[in-house]
Every structure is written in C-alpha cells, then in structure tokens.
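K.L.:
One structure follows; several queries about it will come next.
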Amino acid sequence: MSEETKKLFEERLGRYQAAIALEPHDRIPIATGSNYFAEVYSGNTKQETIYDPDKWLQAEIKFCQDFPEVDVLRNNRVYGPLYDALNVKTYKLPGRDLPANTQFQFMEQDYMKEDEYDDLINDPPGFMIDILLPRILGELGNRGTGRSYIAMLKAGMAQAMFGGIMRNRGIVLEQQCGMPQPMAGFFLAPFDALADAMRGMTATFLDMFRQPDKVLAACDVLVQEMAHMALSVADPLKRYPIFVPLHKAIFMSPEQFDMFYWPSFKKVMEIIIDSGYNVRAYLEGDWGKHWHHMRELPKGRVLCDIDSQGDIHQAKKDLGGFQCIAGGVQDSMLILGTTDQVREHVRELCQTVGKGGGYIVSAGCSFPYDAKPENFRAMIDAVMEYGWHDKSIKAKPKAAPPVRTPEGLNPRRVMTPWDVKKTELGQIMGDENLIKKNWEQLETMAHTFMWQWTL
C-alpha cells in the first residue's frame, strides 16, 4: 500500500470511528449502509454480484474510484454457490429463483414447531443439527445419504472459498482504494433469530400469547449463541463495528418490545460492547417508539441506522449526544427526485441533524440500488460543501482495546467438547495444548457455520 493510500485509509477510518464515538472529527462521514447501488452503478446484475466474485470486486473498485469522497463501503453478503451447495430454503436468489436483477428474498416458515421449544432450550446445538438444519437446508433432508454427505463437503469448501473472497476483497479495497469496511461480524437479536428462520413471524407472535414463558426462555438461551457467533467472526483488530439487522421490533407494541425483545437483545449488546467492540444496528422500519432504549447502552458505542420510515430529526432529539445516528436521505428522493431536491435536503440535514457531530449521511438502512447516479453525486457534493465541522481536526484510527473475556459470556456449548475428544484419543504422547487449541478452534468455526443459517 502506498503512503498516499494508507493516509487516505486512516483518514476515512478515523473519521468514521470518531463519529461513532461522538468525538471531534473534521466532517460528516459518508458511510452508506448496505450499498447495493455500487454493483448496479458499475454495470453488474444482482446474479453476477453473488455468483462472480471477480465482477463484484471490480464493481466496488470502480465505485471507489468514481466516488472517492465515500468513507466506508458495504456491499454483497450472499455467496450463491454456498447457498446452492446446501439448497438453502430460506432464500430465493437472483438469476436462480428470481430475475437476474432482483434483490434476494428471505422466505419465512415455521421450520421449528410449537412443541419443540424444549429441544432448543435444553440442547441448542443438538436442536440445530437434528431438527432445524435438515428442514432449512434441503440437501440435509435425507440424512445419511451419499448426497447429504457430499453436500456438507461442498458447503465446507464453499464457505472456505467465500472466506478467501471476503479476505481478498478487504485487502484490495484497503490497499488499492484506501477504503475501510463499515462493519465486520454479525448477529441477530435473539427474538429475531427465533422469529426469522425458526418459528417464523406469525407463529412466534402467536406464541407470545399462547406460551410466553417458552418464548422468553428460548430468547435467553439464544443470548449466548448470538454473542459467540458475533465475536467469532468480528474484526480481531476491533476497527469495525459488529453488524445487527433488527427485524421484528417494528411490529411490536412498546409493552411487547420491553418484555420479549429488548432484555435478551440488550444482554447480547452488553457482551459485545464489554468485549471492546462497537455495534452498527439497522433500526429497520420506524423504530421511533423503541429507539430510546439505545440510551441504556454505553455512550458512543452503537451506530443506529435510521430507516426511511423513521424520523431522523426525532432520532437526533432522542439519541443525540448518546449514540451516533445515520440516515436521513429518503429512498424515494434518491430514486425519483432531482439533484436540486437532494442537494437542498442534504444541506438541511447537515445544518440540523449534523450539528455537533454524531451523524452520518446515508439513505435508510439499505441504499437503494435504483437511485439515480446524479442524485448520489448531489448527496456527496452537498456533504462536501455543508458537512464540515472543523477542517483542522485529523481524527486517527483508534488502537485496538486489550483482549478480555466479557462479563456475561459463558463458555460455548459445543457438540464434542475437548474432554470428550481427549478421552476418545486415549494417551496423548506430545503437547496436549497444541491438539486442544486446534480442536476447539474447529469446533467454534463449525458452530458459527451452523448458527449463521438463522440469518
């Protein structure tokens, strides 16, 4: 990486980190959330983006070159071959189940039945392996067949390939374009993990009335699984926040949210923050009746993306000075509006919501892929004219906090603990710790792979 590119990378990352931490920085960052606009702008179909990693990367490089003012960039998170290897039933993919230029779609069903809560509560790994995964991963439906074994082998290879693709992408964007990532690692609120790929929304909401104690117990069990999943795939240097999309809260009353959603979600957030990480939370839909809860978490540790249905000005009143917020540019304006309308709107955002810092210019949680390029340029130009706080400030990237085991995080429940494996091996002739370390690492990776299908 050249000195110039390194300087650009550190400038962007320092600005982004300072905004999240509510610390002084030179200008409002341009840090769009899920930016599917980049791939379309660069000429890719949705299918090419999830099936051709070279085209995906080249599209992002072009985007970075054409919009150098952007501070962080997030794009595709789905790798088609991995989903094909297992026949993942919870997703429809562009070019396979949908037209090539259509966004992927999540398909909910009650894959977990109403009488299976105790299976999840008493043995989460066993529940996943024996009950849930054979239902949501089509290739595992006929367990014990040669095809199911080969499917798992292919999935492991595809997962390794995707890991290499993501690692190479991060290196290229950093060293060639000076572009940081907006987040690394992921998890779900425990209630969402239950209501997305397990019970589905309809069944889970009925369970809130029919068997509320089981719902609460399941959410409590999922706290540990979500925390471990988040930490196992996060940036080891702790440069980037861990990502959480929040799905079902907007359909809940404040009383339901306070009882079923927030307590377990807060526990996961506290574990992650206590580990030294920040969180980037997509407050999907209108979170106005719930987002005040973010003030219960440590100050400057959560970046809250305010969706297009939310009121960014009210979010500033409620969360300003406590947590950083992002958003404010309506999807409809970026798609249908004029450059003058976008420019004037962003000017107003910079001078009101952006006043005093703690604000990032963006659309809703996902930047619309069908936005007009000229409107995206108008948004950027308005920030570059009106979004400055103090040009003399040069925020530097933060040093990684020390590694520590957070309070509230229990040892991970795994399928084959080391003590069991050690007994099976019998007498160990050499250094036990060398064998144990790698065994436990592989167990952790396998369980992360298993739990990612709740997303």
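K.L.:
Go over the candidates Gly163, Gly95 one by one and state the one that is under 30 Å from Glu60 (Cα atoms) and modelled with pLDDT under 95. Full working, then the answer.
P.N.:
Details: Gly95 fails: modelled with pLDDT under 95.
Residue meeting the stated conditions: Gly163.
K.L.:
Any residue in the range 406-433 that's part of a loop (DSSP other than H, G, I, E, B): show its pairings with residues that are of a type in the set (D, E, K, R) and surrounded by 12 or more Cβ atoms within 10 Å (Cβ to Cβ) at Cβ separation under 6 Å, as long as the two are six or more apart or on different chains.
P.N.:
Between residues of the range 406-433 that are part of a loop (DSSP other than H, G, I, E, B) and residues that are of a type in the set (D, E, K, R) and surrounded by 12 or more Cβ atoms within 10 Å (Cβ to Cβ), the close pairs are Pro406/Asp274; Glu407/Asp274; Val414/Glu443.
K.L.:
More than 21 Å from Ala21 (Cα to Cα), in contact with a Lys or Arg (Cβ under 6 Å, 6 or more places away or on another chain) and of a type in the set (Gly, Ala, Ser) - does that describe any residue in the range 380-387?
P.N.:
From the range 380-387, those more than 21 Å from Ala21 (Cα to Cα) are 380-382, 384-386; that's our starting set.
Those still in the list that are in contact with a Lys or Arg (Cβ under 6 Å, 6 or more places away or on another chain) too: 382, 386.
Adding the requirement that they be of a type in the set (Gly, Ala, Ser) leaves 382.
Checking the range 380-387: at least one residue is more than 21 Å from Ala21 (Cα to Cα), in contact with a Lys or Arg (Cβ under 6 Å, 6 or more places away or on another chain) and of a type in the set (Gly, Ala, Ser).
K.L.:
Is at least one residue of the range 137-147 in a loop (DSSP other than H, G, I, E, B), touching a residue at least 40 places away in the same chain (Cβ under 8 Å) and surrounded by 14 or more Cβ atoms within 10 Å (Cβ to Cβ)?
P.N.:
From the range 137-147, those in a loop (DSSP other than H, G, I, E, B) are 141-145; that's our starting set.
Retained after the next criterion (residues that are touching a residue at least 40 places away in the same chain (Cβ under 8 Å)): none.
Looking through the range 137-147, none of the residues is in a loop (DSSP other than H, G, I, E, B), touching a residue at least 40 places away in the same chain (Cβ under 8 Å) and surrounded by 14 or more Cβ atoms within 10 Å (Cβ to Cβ).
K.L.:
On the basis of being under 12 Å from Ala189 (Cβ atoms), in contact with a Leu (Cβ under 9 Å, 6 or more places away or on another chain) and buried (at least 19 other Cβ atoms within 10 Å of the Cβ), does Phe265 make the cut? Give the derivation first.
P.N.:
Details: under 12 Å from Ala189 (Cβ atoms): yes; in contact with a Leu (Cβ under 9 Å, 6 or more places away or on another chain): yes; buried (at least 19 other Cβ atoms within 10 Å of the Cβ): yes.
It is true that Phe265 is under 12 Å from Ala189 (Cβ atoms), in contact with a Leu (Cβ under 9 Å, 6 or more places away or on another chain) and buried (at least 19 other Cβ atoms within 10 Å of the Cβ).
K.L.:
Is there any pair linking a residue in the range 1-18 that is free of Cβ contacts under 8 Å to residues at least 40 places away in the same chain and surrounded by fewer than 22 Cβ atoms within 10 Å (Cβ to Cβ) to one that is part of a helix (DSSP H, G or I) and of a type outside the set (Phe, Trp, Tyr), with Cβ under 9 Å and at least six apart or on different chains, and which?
P.N.:
Ser2/Gln175
K.L.:
Here are some residues: Val346, Val353, Val383. Which one is touching a strand residue (DSSP E or B) at 6+ places or on another chain (Cβ under 9 Å) and more than 20 Å from Gln309 (Cα to Cα)? Lay out the reasoning, then the answer.
P.N.:
Working: Val346 fails: more than 20 Å from Gln309 (Cα to Cα); Val353 fails: more than 20 Å from Gln309 (Cα to Cα).
The unique qualifying residue is Val383.
K.L.:
Determine which single condition Gln47 fails, assuming it passes every other condition in (1) assigned to a helix (DSSP H, G or I); (2) out of contact with any strand residue (DSSP E or B) (no Cβ under 6 Å at 6 or more places or on another chain).
P.N.:
For Gln47, the failing item is (2).
K.L.:
I've got another one for you. Within the range 89-102, which residues are in a strand (DSSP E or B) and of a type outside the set (A, V, I, L, M)?
P.N.:
Going through the range 89-102, the residues in a strand (DSSP E or B) turn out to be 91-92, 94, 98.
Across the range 89-102, the qualifying residues are Tyr91, Lys92, Pro94.
K.L.:
Additional query: With the condition kept exactly as written, say whether any residue in the range 298-308 is without any contact (Cβ under 8 Å) to a residue 24 or more places away in the chain and buried (at least 21 other Cβ atoms within 10 Å of the Cβ).
P.N.:
Taking the range 298-308 and keeping what is without any contact (Cβ under 8 Å) to a residue 24 or more places away in the chain, we get 304.
This time we only want the ones that are buried (at least 21 other Cβ atoms within 10 Å of the Cβ), so: 304.
Taking every residue of the range 298-308 in turn, at least one turns out to be without any contact (Cβ under 8 Å) to a residue 24 or more places away in the chain and buried (at least 21 other Cβ atoms within 10 Å of the Cβ).
K.L.:
Same structure again: Of the numbered conditions (1) of a type outside the set (Val, Ile, Thr); (2) surrounded by fewer than 24 Cβ atoms within 10 Å (Cβ to Cβ); (3) within 15 Å of the chain's Cα centre (by Cα), Gln211 fails exactly one; give the number of that condition.
P.N.:
Among (1) of a type outside the set (Val, Ile, Thr); (2) surrounded by fewer than 24 Cβ atoms within 10 Å (Cβ to Cβ); (3) within 15 Å of the chain's Cα centre (by Cα), the lone unmet condition for Gln211 is (3).
K.L.:
Restricting to the range 1-34, count the residues that are more than 24 Å from Gln351 (Cβ to Cβ) and either among the β-branched types (Val, Ile, Thr) or at pLDDT below 90 (or both).
P.N.:
As a first pass, look at the range 1-34 and keep what is more than 24 Å from Gln351 (Cβ to Cβ): 1-10, 13, 34.
From what is left, the residues that are either among the β-branched types (Val, Ile, Thr) or at pLDDT below 90 (or both) are 1, 5, 34.
Residues in the range 1-34 being more than 24 Å from Gln351 (Cβ to Cβ) and either among the β-branched types (Val, Ile, Thr) or at pLDDT below 90 (or both): 3 in total.
K.L.:
Shifting gears a bit: Out of Phe106, Phe37, report the one residue that is modelled with pLDDT under 95 and surrounded by 20 or more Cβ atoms within 10 Å (Cβ to Cβ).
P.N.:
Details: Phe106 fails: surrounded by 20 or more Cβ atoms within 10 Å (Cβ to Cβ).
Going through Phe106, Phe37 in turn, just one is modelled with pLDDT under 95 and surrounded by 20 or more Cβ atoms within 10 Å (Cβ to Cβ): Phe37.
Rundown of residues vs (1) more than 22 Å from the chain's Cα centre (by Cα); (2) at pLDDT 95 or above; (3) exposed (fewer than 14 other Cβ atoms within 10 Å of the Cβ); (4) not aromatic (Phe, Trp, Tyr), yes/no style:
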| position | (1), (2), (3), (4) |
| --- | --- |
| Arg377 | yes, yes, no, yes |
| Ile380 | yes, yes, no, yes |
| Val383 | yes, yes, no, yes |
| Lys398 | no, no, no, yes |
| Met415 | yes, no, no, yes |
| Gly426 | yes, no, yes, yes |
| Met445 | no, no, no, yes |
| Trp451 | no, no, no, no |
| Leu455 | no, no, no, yes |
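K.L.:
Considering only the range 103-129, how many residues are closer than 13 Å to Gly200 by Cβ and part of a helix (DSSP H, G or I)?
P.N.:
Counting residues in the range 103-129 that are closer than 13 Å to Gly200 by Cβ and part of a helix (DSSP H, G or I) gives 0.
K.L.:
Ok, one more. If the Cβ limit is 6 Å and pairs must be 6+ apart or interchain, which residue in the range 312-333 that is touching a residue at least 24 places away in the same chain (Cβ under 8 Å) pairs with which residue that is buried (at least 20 other Cβ atoms within 10 Å of the Cβ) and among the polar types (S, T, N, Q)?
P.N.:
Correct list of pairs: Ala326/Ser362; Gly327/Ser362; Gln330/Ser308; Asp331/Ser308.
K.L.:
Name, by its number, the condition in (1) of a type in the set (A, V, I, L, M, F, W, C); (2) in a helix (DSSP H, G or I); (3) under 20 Å from Pro368 (Cα atoms); (4) out of contact with any helix residue (DSSP H, G or I) (no Cβ under 6 Å at 6 or more places or on another chain) that does not hold for Ala59.
P.N.:
Single failed check for Ala59: (4).
The values are calculated or read from the model by the stated rules, or taken from the named source; none is laboratory data. Not measured: the values here are computed from a predicted model. Positions of Cβ are generated from backbone atoms using ideal geometry, with glycine treated the same way; all protein chains shown enter the neighbour counts.
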